[in-house]
Amino acid sequence: MGGQYFYIYIWAFTSVFSIFMMTIVPVFIMPLFNKYEPLQDGDLKKRIYALAAQLKYPLTKLFVMDGSKRSSHSNAFMFGFGNNKRIVLFDTLMEQVHDDEILAILGHELGHWKLGHTLTNFGVTQVYFGAAFYIFSLCYTSNELYRA
């Protein structure tokens, strides 16, 4: 099925599927399991938007998620494509650290975005998957490999 170039079809499918999942998981699937609330107006919210603006990060929404429902682990993450970027802070992060530390954490993560690490990592991962599928295509029909 797919001929000798089936690995290209599989690679293309996994690439498109990865982008699709990165788009729908935080918007549609995670809210099924967690509650997202907008970060309350205040100094922290202003400072986060100012930091994002300083780095030209097109922040459109800022949420607090009830991560404490499942764990005491503190975390924050960013998601979105194009000019529709969002930041989510776990409620545990808000409880465990001060505002300056939250800004330092977000500054670190936004630095990854500013320096292109996110896209670079995605690209490297796709090249890795392509190479793995290609190597698999060389091995799965190898009679010598099955005899070993």
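Observations on the structure shown:
- Separation of region 92-148 and region 1-58, taken as the distance between their Cα centroids, equals 14 angstrom.
- Residues of the chain: accessible area per residue with a 1.4 Å probe, Å²: 68
- Of the Cα atoms belonging to region 28-148, the radius of gyration and Dmax stand at 20.0, 68 Å.
- The calculated FRET efficiency for the pair residue 8 and residue 120, based on their C-beta separation and a Förster distance of 25 Å, comes to about 0.65.
- Pairs from the table (85/114; 45/85; 46/69; 46/85) lying more than 20 angstrom apart at Cα are 46/69.
- Mean residue ellipticity, 222 nm, helices only, the chain: the sum of -39500 (n - 2.57) across DSSP H runs of n ≥ 4, divided by residue count and rounded to 500, is -18000 deg cm²/dmol.
- Whole-percent carbon and sulfur share, accessible surface of the chain, 1.4 Å: 65
The values are calculated or read from the model by the stated rules, or taken from the named source; none is laboratory data. None of the values given here were measured: they were computed from a predicted structure. We place every Cβ from the backbone using ideal geometry, glycine too, and count neighbours over all the protein chains shown. When the accessible area is computed, the model is the full protein with side chains, heavy atoms only, and any ligands, DNA or RNA have been set aside. Shrake-Rupley method; radii C 1.70, N 1.55, O 1.52, S 1.80 Å.
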